[in-house]
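Accompanying notes for the structure given below.
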Amino acid sequence: MCPSPVPGEPERPSVTLREVRDGDLPLFFAFMSDPEAVRVAAFTSADPSDRAMFDAHWQRIRASDTIVMCTVLHDGRVVGNAGVYGSPAERQVTYWIDRAHWGGGLATAALRALLELVPERPLYARAAADNTGSVRVLTRCGFTVTGTDRGYAEARGEETDELLFRLDG
């Protein structure tokens, strides 16, 4: 699944993708239950602080043979995860970088490494329209906006605008 190592661009932060290990999950839980990060992401689980729900979700991810999910490392430290999931006709990318590392190019480097790992195209993505960081990551990696949507964002407790993205060829 995830090779070792997968470097980012030389002039950008270097990341490595590897398979998810049991010891990564407590870090992922901390990253993905950070209230500010959850608010920015908007479209999250109903209760990001529910560890049992988190563990069940990750058990399903790790048991699936159609999901590619990798741990993102920077300088040897776990900083997030990135993956591809969904039906063959609508494979979507997902990524989550610890908020302490936002703004340093790690999400872009991780997504670029993931795109090298998973050559299938097209790939799709979604982001809250006001999540400028994620929108920037997706466009830097070649995704284009193909439309908009509006849905209930659990993290915000309200309807939220969303951008739809596609990466071809």
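On full extension of the chain, what length is gained from Glu90 through Thr148, given 0.36 nm per residue of separation minus the C-alpha to C-alpha distance? Can you show the working numbers first?
Numbers: separation 58, 0.36 × 58 = 20.88 nm, distance 1.62 nm.
Extra length from Glu90 to Thr148 when fully extended: 19.3 nm.
Measuring from a point 7 Å past the Cα of Ile67 along Cα-to-C-beta, which residues in segment 26-56 have an amide N at less than 11 Å?
Zone members listed by number: 54-56.
Could you report the accessible area of Trp58 in Å², rounded to 10, computed with a 1.4 Å probe on the protein chains as they sit in the structure?
Here the residue's solvent-accessible area equals roughly 10 Å².
Treat each spin label as a single point 7 Å out from the Cα along the C-beta direction, and report the Asp47 to Arg121 distance in nm.
Taking the simple label geometry, Asp47 and Arg121 are separated by 4.3 nm.
Ignoring any ligand, DNA or RNA, what whole percent of the accessible area of segment 106-153 comes from carbon and sulfur when the probe is 1.4 angstrom? Spell out each step's value before the answer.
Numbers: 1040 of 2170 Å².
The C+S portion of the solvent-accessible surface of segment 106-153 is 48 percent.
Where the Cα atoms of segment 30-160 are projected onto their three principal axes, how long is each span, largest first, in whole Å?
For segment 30-160, the Cα spread along each principal axis is 35, 34, 31 Å.
Note down the nm distance, to one decimal, between modelled labels 7 Å out along Cα→Cβ at Asp75 and at Arg39.
2.8 nm
What are the residues whose amide H is under 5 Å from the amide H of Asp98, where those residues sit 5 or more places off or on another chain and H is modelled from the backbone?
Gly80
Can you tell me the accessible area per residue over the chain, all protein chains present, probe 1.4 angstrom, in square angstrom? List each step's numbers first, then the result.
Numbers: 8730 Å² over 169 residues.
That works out to 52 Å² per residue.
In nm, give the distance between the simple-model label positions of Thr139 and Glu19, each being 7 Å from the Cα along the Cα-to-Cβ direction.
Calculated label separation equals 3.8 nm.
Once you have a ≥ b ≥ c as the square roots of the Cα gyration tensor eigenvalues for segment 99-165, tell me rounded if a/c is under 1.5, and otherwise prolate or oblate according to whether a/b is larger than b/c.
Details: a/c = 2.29, a/b = 1.36, b/c = 1.68.
It is oblate, given that a/c is not under 1.5 and a/b is not larger than b/c.
Just read off the accessible area of Ser87 with the full protein assembly in place, 1.4 Å probe, to the nearest 10 Å².
That residue has around 60 Å² of solvent-accessible surface.
Checking the a/c ratio against 1.5 first, then a/b against b/c, what shape does the Cα gyration tensor give for segment 10-81?
Numbers: a/c = 1.95, a/b = 1.27, b/c = 1.53.
Taking the square roots of the gyration eigenvalues as a ≥ b ≥ c, segment 10-81 is oblate.
The values are calculated or read from the model by the stated rules, or taken from the named source; none is laboratory data. Since the model is a prediction, treat every value here as computed from it, not as a measurement. All Cβ positions, glycine included, derive from the backbone under ideal geometry; neighbour counts span all protein chains shown. Only protein heavy atoms, including side chains, enter the accessible area calculation; ligands, DNA and RNA are left aside. Shrake-Rupley method; radii C 1.70, N 1.55, O 1.52, S 1.80 Å.
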